[in-house]
Structure formats: structure tokens, C-alpha cells
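Participant: Shown below is the structure under consideration.
The values are calculated or read from the model by the stated rules, or taken from the named source; none is laboratory data. If you're wondering where the values come from, they're calculated on a predicted model, not measured in any experiment. Cβ placement follows ideal geometry from the backbone for every residue including glycine, while neighbour counts extend to all protein chains displayed. What goes into the accessible areas is simple: the full protein's heavy atoms, side chains included, and nothing from ligands, DNA or RNA. Shrake-Rupley method; radii C 1.70, N 1.55, O 1.52, S 1.80 Å.
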Amino acid sequence: MAQILGFPNPVNELAARSVAAGVVLLGVTTLALSLAAGSGWLWLTVVLAYGFVARVLAGPTLSPLGQFATRVVAPRLGPAKLVPGPPKRFAQAVGAALTVAAVLLHFGFGADGAAQVLVACLIGAATLESVFGLCLGCTAFGYLMKVGLVPAETCAACADLSLRAPQPI
């Protein structure tokens, strides 16, 4: 079980950005279909939520999108660009929180508009990561480290992560 659960450290930035691109595609599909064809399409938020929860718990191991990004897409983009893992895991946890909340809003409360807003926020953050290399969750992680809410030993390599410039592909 220990071999399945866990998060890689370091992480290949190219794979992380490829996962983000997949999230953008699925998020846009979910939002567009739910707006155009009806809120019944918000069932796709379950797929988004599963992916985020799986990646938080086990990195790419249990995530079909993570597997595709690490095994197929990233190797074709060039040599790995390694970055610290803990901020990426934090970012995945933020995505998990947003998508699980969207699932609960849709299925539990019928608050489809609120679920769509969360999916739109997710699309925005994933677009920044995939296109510009700007990881909002990673930036937040850096600030949390800076103010002492995340202990420095959690990620010694990323103490100044909030100042890290986006990396071009």
C-alpha cells in the first residue's frame, strides 16, 4: 500500500502542466455541456474530483490523466524539468476541494450555478498552470510557508517558491 500511496518529490513540471491541460479540457467540456445542454452534464465533476483526489493520495499512480501525462505526453515534450513535489500536491488538494465541493453542490444541494462557478475557477487556475506555468496552489503554498503555517521542513527546496518564475515549456 505504501508503494501506491504517496506523492512524487520532485515532480516533472512538464507532466504537471500536461495534467493541468487535461483538467482544462475536461473542465471546459463539463462547463460548456452543462450550460448548453443542461445541468445533467455536471456528473462530469465526479470525474474531475476523482482525478484530483487520486493525485493527492497517490500522485499519478491512480489517475488515468496522471498516467497519460507522465507516460505519454511529458516524455514527448522534452527532458524532465524537476520541481518540488509538496507544492504540487497542495495544488492538487485545492483542486480536490473545489471539485468535491462542486459535486456536493450539484448532487447534494441542486446548486448547479454555484457548481459551475467552481468549475470555471478550476478552469482558470488550470489554464494558468498549463499555458503559463503559473501554479496558483504552489504560490499559495509558498506564502503559507513564508508566514509559518507550513513548516519549512515540509519542503526545504521550496522555501522561496512564491517568488519562483513560471517555467516555459
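Participant: Just one of the numbered conditions (1) over 24 Å from C155 (Cα atoms); (2) crowded, with 16+ Cβ neighbours inside 10 Å; (3) not small (G, A, S) is not true of V56; which one?
Facilitator: Of everything listed in (1) over 24 Å from C155 (Cα atoms); (2) crowded, with 16+ Cβ neighbours inside 10 Å; (3) not small (G, A, S), V56 misses just condition (1).
Participant: Would you mention how many residues in the range 62-83 are open to solvent by 30 Å² or more (accessible area, probe 1.4 Å) and within 15 Å of the chain's Cα centre (by Cα)?
Facilitator: Number satisfying all stated conditions: 6.
Participant: Would you check which residues across the range 100-150 are in a helix (DSSP H, G or I), touching a Lys or Arg at 6+ places or on another chain (Cβ under 9 Å) and open to solvent by less than 30 Å² (accessible area, probe 1.4 Å) and list them?
Facilitator: Result: E129, S130, G137, C138, F141, G142.
Participant: Right, here's the next one. For the list (1) more than 14 Å from the chain's Cα centre (by Cα); (2) hydrophobic (A, V, I, L, M, F, W, C); (3) open to solvent by less than 20 Å² (accessible area, probe 1.4 Å), I need the number of the one condition that A49 fails.
Facilitator: Against the list (1) more than 14 Å from the chain's Cα centre (by Cα); (2) hydrophobic (A, V, I, L, M, F, W, C); (3) open to solvent by less than 20 Å² (accessible area, probe 1.4 Å), A49 comes up short only on (1).
Participant: Out of everything in the range 151-165 that is loosely packed, with under 14 Cβ neighbours inside 10 Å and in a loop (DSSP other than H, G, I, E, B), what residue ends up being modelled with the highest pLDDT?
Facilitator: Result: P151.
Quick grid of which residues meet (1) in contact with a strand residue (DSSP E or B) (Cβ under 8 Å, 6 or more places away or on another chain); (2) at pLDDT below 95:
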residue: M1; (1), (2): no, yes
residue: A20; (1), (2): no, no
residue: G40; (1), (2): no, no
residue: G66; (1), (2): no, no
residue: G85; (1), (2): yes, no
residue: A93; (1), (2): no, no
residue: L98; (1), (2): no, no
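Quick grid of which residues meet (1) among the aromatic types (F, W, Y); (2) assigned to a helix (DSSP H, G or I); (3) within 18 Å of G113 (Cα to Cα):
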site: A20; (1), (2), (3): no, yes, no
site: L35; (1), (2), (3): no, yes, yes
site: W41; (1), (2), (3): yes, yes, yes
site: F52; (1), (2), (3): yes, yes, no
site: V56; (1), (2), (3): no, yes, no
site: P60; (1), (2), (3): no, no, no
site: A91; (1), (2), (3): no, yes, no
site: L98; (1), (2), (3): no, yes, yes
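Participant: Taking A36 and the conditions (1) in contact with a Ser or Thr (Cβ under 7 Å, 6 or more places away or on another chain); (2) exposed (fewer than 15 other Cβ atoms within 10 Å of the Cβ), which numbered condition does it fall short on, given that it satisfies the others?
Facilitator: Going through the list (1) in contact with a Ser or Thr (Cβ under 7 Å, 6 or more places away or on another chain); (2) exposed (fewer than 15 other Cβ atoms within 10 Å of the Cβ), A36 breaks only (1).
Participant: In the range 84-99, how many are within 19 Å of L25 (Cα to Cα), open to solvent by 30 Å² or more (accessible area, probe 1.4 Å) and not hydrophobic (A, V, I, L, M, F, W, C)?
Facilitator: Summing the residues that are within 19 Å of L25 (Cα to Cα), open to solvent by 30 Å² or more (accessible area, probe 1.4 Å) and not hydrophobic (A, V, I, L, M, F, W, C) in the range 84-99 gives 1.
Participant: Could you tell me whether T29 is part of a helix (DSSP H, G or I), open to solvent by 40 Å² or more (accessible area, probe 1.4 Å), more than 26 Å from A114 (Cα to Cα) and not charged (D, E, K, R)?
Facilitator: Considered against the rule, which asks whether it is part of a helix (DSSP H, G or I), open to solvent by 40 Å² or more (accessible area, probe 1.4 Å), more than 26 Å from A114 (Cα to Cα) and not charged (D, E, K, R), T29 comes out as no.
Participant: May I pose another question? Filter the range 74-117 down to the residues that are touching a residue at least 24 places away in the same chain (Cβ under 8 Å) and of a type in the set (K, R) and list them by number.
Facilitator: Once the filter is applied, which keeps residues that are touching a residue at least 24 places away in the same chain (Cβ under 8 Å) and of a type in the set (K, R), the range 74-117 yields K81, K88, R89.
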